[in-house]
């Protein structure tokens with residue numbers, strides 16, 4: 001079967017730097033940090049990490065109240081990011097209806113804020129009479145995906161993957177496959193998440209959250225650095241609009257990049273510990289799907305969350321597949337870990353790097369860990385052409401994902 005080529009023609013972002021993909025990309029190029037002190041975390045017994053990277057500048061009121069009632073914060077983020085991506089694509093409004101447009105958007109465990117508010121009221125009085133029906137819609141696991149489809153009037157496939165840190169990358173990969181196999185003409189793809197103290201507490205319990213930089217939040221997280229001490233939890237939404245290359249070229253769209261390959265693979269050996277061997281399998285499958293060799297990859301956007309073992313294993317895996325020369329950087333030092341949104345937000349930044357011929361370095365990487373120095377860690381803005389980029393996202397539960405982007409100008 002002849003697969004169709006897949007173009008990226010729109011991107012949208014809600015991030016710790018604000019609303020808008022340009023705001024995100026410009027902040028990354030300026031070397032800004034989104035990490036801040038969160039006083040609420042200081043009040044929770046047993047939580048040692050007091051920092052996070054929180055979204056700012058969002059006005060939910062720009063979404064009509066009738067639609068907004070069924071949305072948690074993460075659904076608001078997703079709708080705003082999808083609006084931006086669709087607007088940038090230049091597609092006519094009628095493309096949203098009729099079934100040609102689909103949605104592939106996921107979150108980790110949906111809105112904990114909503115669950116908390118509901119159970120605080122329910123457990124206090126054991127009373128369901130005051131519960132609004134819209135609360136249930138905010139708590140459903142596919143809430144972001146169906147709220148996007150409802151708000152934008154989308155009638156095609158609605159898919160809501162949930163694979164922790166791999167969610168956003170998987171969602172884009174699924175969207176790519178939907179179009180490549182001719183099941184949809186257009187797809188809005190990515191992920192969204194909202195911050196809750198439980199996120200930080202969960203990583204803190206397994207000693208994976210940063211704890212040593214509460215008094216200087218901008219200095220953490222520190223991917224690949226010898227002084228890294230864990231994740232900074234974050235929130236936001238990153239969305240890509242994908243369409244068939246034939247459609248994009250026919251209508252003269254601005255093509256931002258091409259999705260050339262995708263793979264996702266499971267590591268059943270350990271539910272929590274990352275495995276370089278499993279990561280290698282995933283990356284090799286993504287390259288095979290793209291039909292390219294390891295020597296053709298010009299840049300790797302690493303998952304690298306600043307956990308001790310995770311950064312080391314990913315470095316080993318990248319070196320094992322691509323060798324030690326390809327430039328590698330992580331954006332978690334700027335953004336924190338936006339969970340389900342990380343794949344989408346980091347893909348947006350990777351596309352910008354490809355089009356600007358300039359690689360963004362890893363923020364807070366001052367003293368590279370000797371065990372991570374097997375790869376070429378980028379520590380300052382580096383001007384170089386990027387024809388093919390490999391994006392990694394690896395999740396708890398052993399769910400690994402890798403996606404290959406191809407610069408569109410490459411085939412002209």
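The residue list 352, 276, 306 contains one member that is outside the structural domain of residue 236 (by TED's automatic domain parsing) and at pLDDT below 95, which is 276.
Inside region 314-364, residues that are on the phi < 0 side of the Ramachandran plot and in a helix (DSSP H, G or I) make up a count of 30. Out of region 209-224, which residues are within 15 Å of residue 332 (Cα to Cα) and surrounded by fewer than 23 Cβ atoms within 10 Å (Cβ to Cβ)? Within region 209-224, 217, 218, 219 qualify.
If you go through region 1-24 and keep only what is surrounded by fewer than 24 Cβ atoms within 10 Å (Cβ to Cβ) and assigned to a loop (DSSP other than H, G, I, E, B), you end up with 1, 2, 3, 4, 5, 20.
Only one of the numbered conditions (1) touching a residue at least 40 places away in the same chain (Cβ under 8 Å); (2) surrounded by fewer than 23 Cβ atoms within 10 Å (Cβ to Cβ) is not met by residue 283, and that is (2). Only one of the listed residues (248, 263, 288, 257) is out of contact with any strand residue (DSSP E or B) (no Cβ under 7 Å at 6 or more places or on another chain) and modelled with pLDDT of 95 or more. That residue is 288. Considering region 83-121 alone, what residues qualify as being modelled with pLDDT of 95 or more, under 24 Å from residue 395 (Cα atoms) and not in a loop (DSSP other than H, G, I, E, B)? Across region 83-121, the qualifying residues are 103, 104, 105, 106. When the criteria are applied in full, residue 27 meets the requirement of being under 30 Å from residue 366 (Cβ atoms) and either part of a strand (DSSP E or B) or modelled with pLDDT of 95 or more (or both).
Results for (1) farther than 23 Å from residue 16 by Cα; (2) buried (at least 24 other Cβ atoms within 10 Å of the Cβ); (3) touching a residue at least 40 places away in the same chain (Cβ under 8 Å), shown as yes or no for each residue.
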site: 292; (1), (2), (3): yes, no, yes
site: 298; (1), (2), (3): yes, no, yes
site: 302; (1), (2), (3): no, yes, yes
site: 308; (1), (2), (3): yes, no, yes
site: 315; (1), (2), (3): yes, yes, yes
site: 325; (1), (2), (3): yes, no, yes
site: 328; (1), (2), (3): no, yes, yes
site: 333; (1), (2), (3): no, yes, yes
site: 340; (1), (2), (3): no, yes, yes
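Within region 365-380, is even one residue closer than 15 Å to residue 326 by Cα, over 15 Å from the mean Cα position of the chain (by Cα), not assigned by TED's automatic domain parsing to the domain that holds residue 167 and not in a loop (DSSP other than H, G, I, E, B)? Yes, region 365-380 contains a residue that is closer than 15 Å to residue 326 by Cα, over 15 Å from the mean Cα position of the chain (by Cα), not assigned by TED's automatic domain parsing to the domain that holds residue 167 and not in a loop (DSSP other than H, G, I, E, B).
The values are calculated or read from the model by the stated rules, or taken from the named source; none is laboratory data. Just so we're clear, the structure is a prediction, and the values are computed from it rather than from any experiment. Using ideal geometry, Cβ is built from the backbone for each residue, glycine included, and neighbour counts are taken over all protein chains shown.
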